[in-house]
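The values are calculated or read from the model by the stated rules, or taken from the named source; none is laboratory data. As the structure is a computational prediction, the values presented were derived from the model and not from experiment. Cβ placement follows ideal geometry from the backbone for every residue including glycine, while neighbour counts extend to all protein chains displayed.
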Amino acid sequence: MPKGAFPRLSQEEWMCLLRPFSIMDIHQAIFDMKALQAPCPDGFQAGFYQQEWRVVGKALTDMALSFFENGTLPAAISESTVVLIPKVEKPEFVHQLRPISLNNVNLKAITKAMTSRLKMVMKKLISPRQSSFIPGRQTADNIFVVQEVLHSLKKKRGRKGGMVIKIDLEKAYDRLRWDFLRDTLIEVGLPSSWIRCIMFCVEQNRMRILWDGELTQPITPTRGVRQGDPLSPYLFVLCMERLSHRIDEAVRAKLWKPLSIARGGPALTHLFFADDLVLFAGAEGAQVRIIRQCHDEFCESSGQKVNYSKSMMYISPNIYSLRAQRLSDKAVTRLYCHSRNWPSETTS
């Protein structure tokens with residue numbers, strides 16, 4: 001993956017991250033939580049800490065500030081309970097269940113305080129093509145762009161066509177490789193103390209799955225970030241930005257030909273919706289190959305995998321069906337090719 005592609009943090013931004021965390025940071029993190037969220041592994045909800053802050057606040061704050069200084073926590077604090085939420089009415093397979101981690105409030109106070117700082121620099125680090133979890137951006141903006149592109153492609157005439165590929169990543173949070181995450185944090189240029197604290201929260205995780213009302217024996221993961229943790233979406237988006245850098249590199253090398261829907265209009269290559277990717281290019285076999293190359297390199301480095309059942313391809317109708325099918329076959333053997341309509345759920 002490309003190196004040195006993230007914008008450099010300014011001295012002011014660097015100092016903002018390095019500014020010591022305070023009692024007020026932890027207090028704000030606790031009181032920003034919903035009081036009656038699902039009970040955590042230790043049985044205490046955020047409402048308990050909010051109501052009894054005068055009693056427990058000092059102990060919680062001392063523990064959090066000690067962590068920021070030393071980078072370690074007691075093992076019990078970083079344990080989590082995984083609850084499997086059905087995606088369908090009557091699930092029959094594991095992939096029809098969504099794992100949600102219930103983390104202890106004292107750990108969430110730490111990661112929430114870190115998230116509040118990290119959000120201040122995310123808009124600089126992440127390109128406008130990623131619309132999810134970035135302050136000041138709306139997912140709807142990129143959805144409107146995709147819809148406009150599809151509308152324009154339907155009316156496209158002539159011999160040159162365009163294609164849009166929607167890719168869904170399977171269990172994206174759970175598959176993220178830790179070595180790739182660490183390398184990304186180094187590439188971003190975060191202070192070493194931040195990287196140490198983030199990786200501790202990610203790696204020191206023992207999970208128990210709640211199954212039929214009973215907790216399983218502890219499981220120690222070797223990859224992935226916690227579902228339900230305030231910091232996880234931002235870590236994931238930073239890692240996804242590495243794919244954006246790889247695509248930009250291919251464009252600069254004139255290998256990836258951007259898609260233009262109007263003369264003088266913006267050239268489009270990709271838009272991201274967290275773990276949903278929408279890729280744009282001319283309807284050519286060479287473009288399919290470079291798209292696959294970029295995506296395969298990213299998946300190999302990051303541990304990601306395509307969910308073929310939710311991925312699809314749209315090719316402008318001015319490309320005759322046999323050629324469109326060949327392009328689809330080159331993209332992915334099981335990728336679905338739609339020559340007219342793209343269901344609305346693909347951009348959800």
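What to note about this one:
Here is a yes/no grid of residues against (1) modelled with pLDDT of 85 or more; (2) among the β-branched types (Val, Ile, Thr):
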residue: 291; (1), (2): yes, yes
residue: 294; (1), (2): yes, no
residue: 302; (1), (2): yes, no
residue: 309; (1), (2): no, no
residue: 314; (1), (2): yes, no
residue: 317; (1), (2): no, no
residue: 320; (1), (2): no, no
residue: 330; (1), (2): no, no
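- Residue in region 24-38 that is of a type in the set (Phe, Trp, Tyr) and under 18 Å from residue 111 (Cβ atoms) present: yes
- For beta carbons closer than 9 Å, sequence separation of 6+ or different chains, a first residue in region 120-141 that is among the aromatic types (Phe, Trp, Tyr) and a second that is surrounded by fewer than 17 Cβ atoms within 10 Å (Cβ to Cβ), the qualifying pairs are 133/119.
- If you check 35, 46 for being in contact with a Gly (Cβ under 7 Å, 6 or more places away or on another chain) and farther than 25 Å from residue 182 by Cα, only one passes: 35.
- Listed by first and then second residue, the pairs linking a residue in region 183-208 that is on the phi > 0 side of the Ramachandran plot to a residue that is of a type in the set (Phe, Trp, Tyr), with Cβ atoms under 9 Å apart and 6 or more places separating them unless they lie on different chains, are 189/6; 189/14.
- Conditions (1) buried (at least 16 other Cβ atoms within 10 Å of the Cβ); (2) under 25 Å from residue 202 (Cα atoms): number failed by residue 129: (2)
- Taking region 267-285 as the range and being in contact (Cβ under 8 Å) with a residue 60 or more places away in the chain, within 23 Å of residue 126 (Cα to Cα) and surrounded by fewer than 18 Cβ atoms within 10 Å (Cβ to Cβ) as the test, only 274 passes.
- With respect to the conditions (1) of a type in the set (Lys, Arg); (2) in contact with a Ser or Thr (Cβ under 8 Å, 6 or more places away or on another chain); (3) in a helix (DSSP H, G or I), residue 112 falls short on a single one, namely (2).
- Summed over region 3-21, residues that are more than 25 Å from the chain's Cα centre (by Cα) and surrounded by 14 or more Cβ atoms within 10 Å (Cβ to Cβ) total 1.
- Test: residue in region 150-164 that is at pLDDT 90 or above and out of contact with any His (no Cβ under 7 Å at 6 or more places or on another chain): yes
- Within region 286-299, none of the residues are in contact (Cβ under 8 Å) with a residue 60 or more places away in the chain, in a loop (DSSP other than H, G, I, E, B) and over 28 Å from residue 135 (Cβ atoms).
- Of the residues screened, residue 76 is not one that is part of a loop (DSSP other than H, G, I, E, B), of a type outside the set (S, T, N, Q) and under 28 Å from the mean Cα position of the chain (by Cα).
- Qualifying residue in region 232-244 (condition: more than 12 Å from the chain's Cα centre (by Cα) and either under 20 Å from residue 100 (Cβ atoms) or surrounded by 15 or more Cβ atoms within 10 Å (Cβ to Cβ) (or both)): yes
- Residues in region 158-182 that are within 27 Å of residue 258 (Cβ to Cβ) and either without any contact (Cβ under 8 Å) to a residue 24 or more places away in the chain or in a strand (DSSP E or B) (or both): 162, 163, 164, 165, 166, 167, 168, 169.
- Qualifying residue in region 212-229 (condition: assigned to a helix (DSSP H, G or I) and touching a residue at least 24 places away in the same chain (Cβ under 8 Å)): no
- Flag if residue 32 is surrounded by 12 or more Cβ atoms within 10 Å (Cβ to Cβ) and either of a type in the set (Lys, Arg) or farther than 22 Å from residue 205 by Cα (or both): yes
- Boolean, residue 92 is exposed (fewer than 14 other Cβ atoms within 10 Å of the Cβ), modelled with pLDDT of 90 or more and either assigned to a loop (DSSP other than H, G, I, E, B) or not polar (S, T, N, Q) (or both): no
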